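Encoded as structure tokens, the structure appears first; notes follow it.
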Amino acid sequence: MEDKEKVKVEDDGSETVEAAVESSSVDGGVKLPPPVDEALLAEMIEMGFPRNRAIRGLFYGGSTMDAAITWIGEHDQEPDINDPLPADAVAEPKKELTAEEKAAKAQELKQRIAENRRIQAENEKIAEKTREKERYTLKRNKD
């Protein structure tokens with residue numbers, strides 16, 4: 001069996017290491033999992049992601065850091081997320097959203113943003129009341 005590596009330069013200038021295995025055996029050799037961008041993988045590992053989780057995020061989520069992290073967040077509870085990527089893994093193509101689905105998604109995001117802002121405003125009011133009570137208590141204790 002002979003291992004070969006080739007470096008593929010992506011449009012954005014990043015490099016992806018692709019490993020190819022040739023075999024002289026009758027069964028066709030060993031299947032390797034599809035490659036991921038090694039630079040992004042190293043960066044994700046440096047950020048604290050376990051190696052297999054980062055590989056799965058880059059493979060299934062997309063070839064960008066944001067897409068991979070989003071995928072990991074969405075699939076964090078899966079029992080096999082830290083398992084090695086199977087050699088025959090196939091990433092499902094992302095489904096293009098229809099105009100109606102895009103509008104619904106945008107509306108959902110707007111509602112989530114509004115809810116988060118409402119919660120943040122309530123928390124700020126509570127914090128302001130707490131600070132005011134502390135100032136009042138400090139002033140009373142000084143006098």
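Principal axis extents of the Cα atoms in segment 43-142, from largest to smallest and rounded to whole angstrom, are 72, 38, 23.
The slack between Arg117 and Arg135, meaning 0.36 nm per residue of separation minus the straight C-alpha distance, is 3.8 nm. Taking the alpha carbon gyration tensor of segment 92-143, multiplying each eigenvalue by 5 and rooting it gives semi-axes of 48, 10, 4 Å, largest first.
The numbers here are math on the coordinates, done by the rules we state, and not lab data. Computed from a prediction, not measured in an experiment: that's the story for all the values here.
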